[in-house]
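Below: the structure, in C-alpha coordinates.
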Amino acid sequence: MTAATLAAVPAVAQDPGPMTYSEALSGKRVLLVPMAMGFDLAQGWAAILEHEVSAFGGVFETRDPNWSVEAGAQALTEAIASEEKPDVLIVMSPDMNSYSKLMKRAQKAGIYVILVDNPANFKPDAYVGSDWTQLGRLEAEAAIKGCGEGSSGQIGLVQGDQVNATSLFQYAGIMDVLSANPAFEVVAKPDSNWDATTSRNVTTTMLQQHPDICAIIDFWDGDATGAAAAIRDAGMQDQVFLVTTGGGEKAADCDMIENGTYGAVVMTNLAQETYNMVAIIKYLLQSGQEPGAASPYIYTLLHATTKEDLKPDSCWDLKALQAMNAD
(Lines give C-alpha, C1' and ligand atoms only; values in the text may rest on other atoms or scores of the structure.)
Protein backbone atom coordinates (compact mmCIF):
# COMPACT_ATOMS: atom_id res chain seq x y z
CA MET A 1 0.00 0.00 0.00
CA THR A 2 1.44 3.38 -0.97
CA ALA A 3 1.78 6.37 1.33
CA ALA A 4 -0.90 8.16 -0.66
CA THR A 5 -3.32 5.27 -0.18
CA LEU A 6 -2.61 5.11 3.54
CA ALA A 7 -3.28 8.82 3.89
CA ALA A 8 -6.68 8.37 2.26
CA VAL A 9 -7.80 5.78 4.83
CA PRO A 10 -9.55 7.41 7.83
CA ALA A 11 -8.06 6.63 11.22
CA VAL A 12 -11.44 5.33 12.46
CA ALA A 13 -14.28 4.32 10.14
CA GLN A 14 -17.42 6.31 10.97
CA ASP A 15 -20.80 4.62 10.51
CA PRO A 16 -23.34 7.43 9.91
CA GLY A 17 -26.28 5.18 10.86
CA PRO A 18 -26.33 5.54 14.66
CA MET A 19 -26.18 9.35 14.54
CA THR A 20 -28.86 9.55 11.85
CA TYR A 21 -31.05 7.14 13.82
CA SER A 22 -30.62 9.02 17.09
CA GLU A 23 -31.21 12.45 15.60
CA ALA A 24 -34.43 11.29 13.92
CA LEU A 25 -35.92 9.37 16.86
CA SER A 26 -34.62 10.82 20.13
CA GLY A 27 -37.30 12.77 21.98
CA LYS A 28 -40.07 11.91 19.52
CA ARG A 29 -43.51 11.40 21.02
CA VAL A 30 -45.76 8.46 20.20
CA LEU A 31 -49.38 8.40 21.40
CA LEU A 32 -51.67 5.36 21.33
CA VAL A 33 -55.44 5.98 21.35
CA PRO A 34 -57.23 2.59 21.24
CA MET A 35 -60.96 2.09 21.71
CA ALA A 36 -60.14 1.33 25.36
CA MET A 37 -57.10 0.40 27.42
CA GLY A 38 -58.87 -2.23 29.50
CA PHE A 39 -58.52 -5.21 27.16
CA ASP A 40 -55.69 -7.49 26.13
CA LEU A 41 -54.96 -6.14 22.64
CA ALA A 42 -54.46 -2.55 23.76
CA GLN A 43 -52.44 -3.62 26.80
CA GLY A 44 -50.24 -5.88 24.67
CA TRP A 45 -49.61 -3.16 22.07
CA ALA A 46 -48.81 -0.67 24.84
CA ALA A 47 -46.35 -2.98 26.60
CA ILE A 48 -44.24 -3.56 23.49
CA LEU A 49 -44.54 0.04 22.24
CA GLU A 50 -43.46 1.45 25.60
CA HIS A 51 -40.42 -0.81 25.64
CA GLU A 52 -39.40 -0.03 22.04
CA VAL A 53 -40.09 3.71 22.02
CA SER A 54 -38.24 4.19 25.30
CA ALA A 55 -35.31 2.20 23.89
CA PHE A 56 -34.85 4.62 20.98
CA GLY A 57 -35.09 7.63 23.30
CA GLY A 58 -38.68 8.55 22.55
CA VAL A 59 -41.69 9.25 24.75
CA PHE A 60 -44.67 6.86 24.70
CA GLU A 61 -48.13 7.72 26.06
CA THR A 62 -51.65 6.34 25.93
CA ARG A 63 -55.14 7.78 26.24
CA ASP A 64 -58.08 5.66 27.38
CA PRO A 65 -61.45 6.51 25.77
CA ASN A 66 -62.95 3.54 27.66
CA TRP A 67 -65.22 2.60 24.70
CA SER A 68 -66.53 6.16 24.32
CA VAL A 69 -66.30 7.63 20.80
CA GLU A 70 -66.72 11.12 22.27
CA ALA A 71 -63.88 10.60 24.75
CA GLY A 72 -61.66 9.30 21.96
CA ALA A 73 -62.44 12.31 19.79
CA GLN A 74 -61.64 14.61 22.71
CA ALA A 75 -58.31 12.84 23.28
CA LEU A 76 -57.36 13.29 19.62
CA THR A 77 -58.45 16.94 19.62
CA GLU A 78 -56.38 17.72 22.71
CA ALA A 79 -53.35 15.88 21.32
CA ILE A 80 -53.43 17.82 18.05
CA ALA A 81 -53.78 21.16 19.84
CA SER A 82 -51.15 20.46 22.50
CA GLU A 83 -47.85 22.32 22.57
CA GLU A 84 -46.27 18.90 23.09
CA LYS A 85 -48.26 17.26 20.32
CA PRO A 86 -47.22 13.75 19.31
CA ASP A 87 -45.04 13.07 16.31
CA VAL A 88 -46.92 9.81 15.69
CA LEU A 89 -50.52 8.96 16.52
CA ILE A 90 -51.58 5.30 16.65
CA VAL A 91 -55.36 5.11 16.47
CA MET A 92 -57.82 2.24 16.80
CA SER A 93 -60.84 3.71 15.07
CA PRO A 94 -64.26 2.75 16.52
CA ASP A 95 -65.92 2.85 13.10
CA MET A 96 -65.41 3.92 9.51
CA ASN A 97 -66.01 7.64 9.91
CA SER A 98 -66.03 9.08 13.46
CA TYR A 99 -62.35 10.07 13.64
CA SER A 100 -61.63 10.65 9.93
CA LYS A 101 -61.70 14.46 10.01
CA LEU A 102 -59.63 14.58 13.20
CA MET A 103 -57.01 12.25 11.76
CA LYS A 104 -56.79 14.40 8.61
CA ARG A 105 -56.34 17.43 10.86
CA ALA A 106 -53.53 15.64 12.68
CA GLN A 107 -51.71 15.01 9.41
CA LYS A 108 -52.08 18.66 8.42
CA ALA A 109 -50.51 19.53 11.78
CA GLY A 110 -47.48 17.42 10.85
CA ILE A 111 -48.40 14.29 12.78
CA TYR A 112 -48.06 10.84 11.24
CA VAL A 113 -51.18 8.70 11.79
CA ILE A 114 -51.09 4.91 11.94
CA LEU A 115 -54.36 3.00 12.00
CA VAL A 116 -54.15 -0.18 14.03
CA ASP A 117 -56.49 -3.14 13.71
CA ASN A 118 -59.58 -1.21 12.54
CA PRO A 119 -59.71 0.28 9.02
CA ALA A 120 -61.49 3.59 8.42
CA ASN A 121 -62.49 5.94 5.61
CA PHE A 122 -59.19 7.77 5.87
CA LYS A 123 -55.76 7.57 4.22
CA PRO A 124 -53.36 6.85 7.11
CA ASP A 125 -49.58 6.83 6.92
CA ALA A 126 -49.93 3.08 7.42
CA TYR A 127 -52.57 0.53 8.33
CA VAL A 128 -51.25 -2.22 10.61
CA GLY A 129 -53.55 -5.09 11.50
CA SER A 130 -55.70 -7.88 10.15
CA ASP A 131 -57.18 -8.40 6.73
CA TRP A 132 -60.65 -8.75 8.20
CA THR A 133 -62.26 -10.17 5.06
CA GLN A 134 -59.71 -12.99 5.03
CA LEU A 135 -60.22 -13.42 8.77
CA GLY A 136 -63.94 -13.95 8.16
CA ARG A 137 -63.14 -16.55 5.51
CA LEU A 138 -60.99 -18.45 7.99
CA GLU A 139 -63.76 -18.33 10.60
CA ALA A 140 -66.29 -19.71 8.12
CA GLU A 141 -63.95 -22.50 7.05
CA ALA A 142 -63.40 -23.42 10.73
CA ALA A 143 -67.16 -23.42 11.36
CA ILE A 144 -67.82 -25.69 8.38
CA LYS A 145 -65.11 -28.09 9.53
CA GLY A 146 -66.47 -27.97 13.08
CA CYS A 147 -69.99 -28.82 11.91
CA GLY A 148 -68.73 -31.73 9.85
CA GLU A 149 -70.36 -33.79 7.14
CA GLY A 150 -73.98 -34.75 7.65
CA SER A 151 -74.66 -31.83 10.00
CA SER A 152 -77.65 -29.51 9.80
CA GLY A 153 -75.47 -26.93 8.04
CA GLN A 154 -77.06 -24.22 10.19
CA ILE A 155 -74.65 -21.50 11.32
CA GLY A 156 -75.39 -18.56 13.59
CA LEU A 157 -73.46 -15.30 13.69
CA VAL A 158 -73.03 -12.93 16.62
CA GLN A 159 -71.86 -9.78 14.88
CA GLY A 160 -70.26 -6.77 16.53
CA ASP A 161 -72.22 -3.88 15.05
CA GLN A 162 -73.07 -2.37 11.68
CA VAL A 163 -70.55 0.50 11.64
CA ASN A 164 -67.23 -1.03 12.71
CA ALA A 165 -65.10 -2.11 9.75
CA THR A 166 -63.95 -5.29 11.48
CA SER A 167 -67.55 -6.46 11.79
CA LEU A 168 -68.57 -5.46 8.26
CA PHE A 169 -65.54 -7.02 6.60
CA GLN A 170 -65.68 -10.17 8.75
CA TYR A 171 -69.26 -10.70 7.62
CA ALA A 172 -68.27 -10.25 3.98
CA GLY A 173 -65.55 -12.89 4.32
CA ILE A 174 -67.88 -15.35 6.04
CA MET A 175 -70.53 -14.96 3.35
CA ASP A 176 -67.88 -15.33 0.64
CA VAL A 177 -67.05 -18.82 1.90
CA LEU A 178 -70.64 -19.85 2.60
CA SER A 179 -71.72 -18.82 -0.90
CA ALA A 180 -69.32 -21.47 -2.20
CA ASN A 181 -70.68 -24.06 0.27
CA PRO A 182 -74.45 -24.18 -0.30
CA ALA A 183 -74.95 -26.98 2.21
CA PHE A 184 -74.33 -24.38 4.93
CA GLU A 185 -76.42 -21.30 5.67
CA VAL A 186 -76.65 -18.48 8.18
CA VAL A 187 -79.92 -18.85 10.08
CA ALA A 188 -79.46 -15.92 12.50
CA LYS A 189 -77.12 -12.92 12.67
CA PRO A 190 -77.82 -10.63 15.64
CA ASP A 191 -75.48 -7.88 16.84
CA SER A 192 -73.83 -7.92 20.25
CA ASN A 193 -72.46 -4.36 20.20
CA TRP A 194 -69.23 -5.95 21.47
CA ASP A 195 -70.83 -6.76 24.85
CA ALA A 196 -70.60 -10.21 26.48
CA THR A 197 -73.98 -9.94 28.22
CA THR A 198 -75.71 -9.00 24.98
CA SER A 199 -73.91 -11.85 23.21
CA ARG A 200 -75.20 -14.25 25.82
CA ASN A 201 -78.77 -13.01 25.48
CA VAL A 202 -78.91 -13.06 21.67
CA THR A 203 -77.23 -16.47 21.56
CA THR A 204 -79.79 -17.85 24.01
CA THR A 205 -82.58 -16.62 21.75
CA MET A 206 -80.80 -17.97 18.67
CA LEU A 207 -80.50 -21.45 20.15
CA GLN A 208 -84.16 -21.47 21.18
CA GLN A 209 -85.28 -20.46 17.69
CA HIS A 210 -82.80 -22.69 15.84
CA PRO A 211 -82.09 -25.75 18.01
CA ASP A 212 -80.29 -27.54 15.16
CA ILE A 213 -77.47 -24.98 14.83
CA CYS A 214 -74.12 -26.75 14.50
CA ALA A 215 -71.78 -23.73 14.75
CA ILE A 216 -71.77 -20.15 15.96
CA ILE A 217 -69.27 -17.50 14.91
CA ASP A 218 -68.95 -14.72 17.47
CA PHE A 219 -67.03 -11.77 16.03
CA TRP A 220 -64.75 -11.11 19.04
CA ASP A 221 -63.44 -13.11 21.98
CA GLY A 222 -64.31 -10.20 24.27
CA ASP A 223 -67.98 -11.04 23.92
CA ALA A 224 -67.73 -14.69 22.82
CA THR A 225 -67.59 -15.62 26.50
CA GLY A 226 -71.26 -14.64 26.52
CA ALA A 227 -72.08 -16.90 23.58
CA ALA A 228 -70.16 -19.70 25.28
CA ALA A 229 -72.20 -19.25 28.45
CA ALA A 230 -75.45 -19.45 26.47
CA ILE A 231 -74.30 -22.65 24.78
CA ARG A 232 -73.35 -24.10 28.16
CA ASP A 233 -76.68 -23.05 29.73
CA ALA A 234 -78.51 -24.84 26.92
CA GLY A 235 -76.43 -28.00 27.43
CA MET A 236 -75.32 -27.85 23.79
CA GLN A 237 -71.53 -27.88 24.15
CA ASP A 238 -71.28 -31.15 22.21
CA GLN A 239 -73.51 -29.89 19.40
CA VAL A 240 -72.45 -26.29 18.80
CA PHE A 241 -68.91 -25.52 17.61
CA LEU A 242 -68.02 -21.97 18.72
CA VAL A 243 -65.63 -19.95 16.56
CA THR A 244 -64.31 -16.49 17.36
CA THR A 245 -61.37 -14.18 16.79
CA GLY A 246 -58.92 -12.64 19.23
CA GLY A 247 -55.51 -11.22 19.87
CA GLY A 248 -53.99 -14.54 20.93
CA GLU A 249 -53.57 -13.76 24.64
CA LYS A 250 -53.15 -16.97 26.63
CA ALA A 251 -55.99 -16.57 29.13
CA ALA A 252 -58.39 -15.10 26.57
CA ASP A 253 -57.79 -17.58 23.76
CA CYS A 254 -55.45 -20.56 24.24
CA ASP A 255 -56.81 -21.48 27.67
CA MET A 256 -60.36 -21.26 26.27
CA ILE A 257 -59.44 -23.56 23.38
CA GLU A 258 -57.73 -25.97 25.74
CA ASN A 259 -60.74 -26.24 28.05
CA GLY A 260 -63.17 -26.63 25.15
CA THR A 261 -64.98 -23.31 25.54
CA TYR A 262 -63.95 -22.30 22.00
CA GLY A 263 -63.72 -24.74 19.13
CA ALA A 264 -61.48 -22.46 17.07
CA VAL A 265 -60.03 -18.96 17.36
CA VAL A 266 -58.67 -17.04 14.39
CA MET A 267 -55.83 -15.28 16.16
CA THR A 268 -53.82 -12.19 15.35
CA ASN A 269 -50.08 -12.40 15.99
CA LEU A 270 -49.98 -9.45 18.39
CA ALA A 271 -46.21 -9.35 18.82
CA GLN A 272 -45.63 -9.31 15.07
CA GLU A 273 -48.34 -6.68 14.67
CA THR A 274 -46.76 -4.41 17.29
CA TYR A 275 -43.23 -4.80 15.96
CA ASN A 276 -44.63 -3.91 12.54
CA MET A 277 -45.89 -0.69 14.14
CA VAL A 278 -42.46 -0.05 15.65
CA ALA A 279 -40.77 -0.56 12.29
CA ILE A 280 -43.12 1.84 10.46
CA ILE A 281 -42.70 4.43 13.23
CA LYS A 282 -38.92 4.30 12.84
CA TYR A 283 -39.23 4.51 9.07
CA LEU A 284 -41.64 7.46 9.08
CA LEU A 285 -39.57 9.50 11.54
CA GLN A 286 -36.47 9.04 9.40
CA SER A 287 -38.15 9.31 5.99
CA GLY A 288 -38.68 13.06 5.79
CA GLN A 289 -41.95 12.45 3.93
CA GLU A 290 -45.00 14.57 4.62
CA PRO A 291 -47.80 12.98 6.67
CA GLY A 292 -50.38 11.50 4.32
CA ALA A 293 -47.91 11.04 1.46
CA ALA A 294 -48.21 7.24 1.41
CA SER A 295 -50.57 4.67 2.85
CA PRO A 296 -49.15 1.12 2.98
CA TYR A 297 -51.11 -1.85 4.32
CA ILE A 298 -49.15 -4.10 6.67
CA TYR A 299 -51.28 -7.15 7.34
CA THR A 300 -50.68 -9.47 10.28
CA LEU A 301 -50.49 -13.24 9.84
CA LEU A 302 -53.71 -15.05 10.74
CA HIS A 303 -54.33 -18.65 11.73
CA ALA A 304 -57.42 -20.56 12.85
CA THR A 305 -56.23 -22.41 15.94
CA THR A 306 -58.02 -25.46 17.38
CA LYS A 307 -57.16 -27.84 20.20
CA GLU A 308 -55.61 -30.22 17.66
CA ASP A 309 -52.94 -27.73 16.55
CA LEU A 310 -52.48 -25.83 19.81
CA LYS A 311 -48.77 -25.33 20.58
CA PRO A 312 -46.87 -23.88 23.57
CA ASP A 313 -46.15 -20.73 21.57
CA SER A 314 -49.62 -20.36 20.02
CA CYS A 315 -50.43 -17.55 22.46
CA TRP A 316 -48.66 -14.75 24.30
CA ASP A 317 -48.90 -13.86 27.98
CA LEU A 318 -49.89 -10.30 28.91
CA LYS A 319 -48.13 -10.42 32.29
CA ALA A 320 -44.89 -11.48 30.61
CA LEU A 321 -45.09 -8.58 28.13
CA GLN A 322 -45.84 -6.05 30.84
CA ALA A 323 -42.87 -7.35 32.87
CA MET A 324 -40.55 -5.98 30.16
CA ASN A 325 -41.21 -2.49 31.49
CA ALA A 326 -41.01 -3.28 35.20
CA ASP A 327 -38.21 -1.59 37.13
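The values are calculated or read from the model by the stated rules, or taken from the named source; none is laboratory data. Since this is a predicted model, take the numbers as computed values, not measurements. Note: ideal-geometry Cβ built from the backbone for every residue, glycine included; neighbour counts use all protein chains shown. Only protein heavy atoms, including side chains, enter the accessible area calculation; ligands, DNA and RNA are left aside. Shrake-Rupley method; radii C 1.70, N 1.55, O 1.52, S 1.80 Å.
None of 24, 42, 46 is closer than 21 Å to residue 100 by Cα, assigned to a helix (DSSP H, G or I) and not charged (D, E, K, R) except 42.
If only residues of segment 286-303 that are under 21 Å from residue 20 (Cβ atoms) and surrounded by fewer than 19 Cβ atoms within 10 Å (Cβ to Cβ) are counted, the one that is nearest to the chain's Cα centre (by Cα) is 294. Given the criteria open to solvent by less than 40 Å² (accessible area, probe 1.4 Å), closer than 25 Å to residue 67 by Cβ and not acidic (Asp, Glu), does residue 193 qualify? Answer is no for this residue. When the residues of segment 269-285 are narrowed to those that are polar (S, T, N, Q) and open to solvent by 30 Å² or more (accessible area, probe 1.4 Å), which ends up nearest to residue 127 (Cα to Cα)? In this case the residue turns out to be 276.
Suppose the filter is among the basic types (Lys, Arg) and either under 22 Å from residue 144 (Cβ atoms) or at pLDDT below 95 (or both); does residue 250 pass it? Here the answer is yes, as residue 250 does meet what is asked. Of all residues in segment 129-150, none satisfies being touching a helix residue (DSSP H, G or I) at 6+ places or on another chain (Cβ under 9 Å), open to solvent by 10 Å² or more (accessible area, probe 1.4 Å), free of Cβ contacts under 8 Å to residues at least 40 places away in the same chain and aromatic (Phe, Trp, Tyr). Checked against (1) closer than 30 Å to residue 223 by Cβ; (2) open to solvent by 40 Å² or more (accessible area, probe 1.4 Å), residue 49 passes all but a single condition, namely (2). Taking residues in segment 31-45 that are within 18 Å of residue 77 (Cβ to Cβ) and open to solvent by less than 10 Å² (accessible area, probe 1.4 Å), and partners anywhere that are at pLDDT 95 or above and of a type in the set (D, E, K, R), the pairs with Cβ atoms closer than 6 Å and at least 6 places apart or on different chains are 31/61; 33/63. The condition of being touching a residue at least 40 places away in the same chain (Cβ under 8 Å) and either of a type in the set (Lys, Arg) or within 22 Å of residue 40 (Cα to Cα) (or both) holds for only one of 241, 219, that being 219.
Counting only strands (runs of 3 or more DSSP E) that sit wholly inside segment 166-253, those with at least 2 residues that are more than 16 Å from residue 152 (Cβ to Cβ) are 241-246.
The one condition from (1) crowded, with 16+ Cβ neighbours inside 10 Å; (2) at positive phi that residue 60 does not meet is (2).
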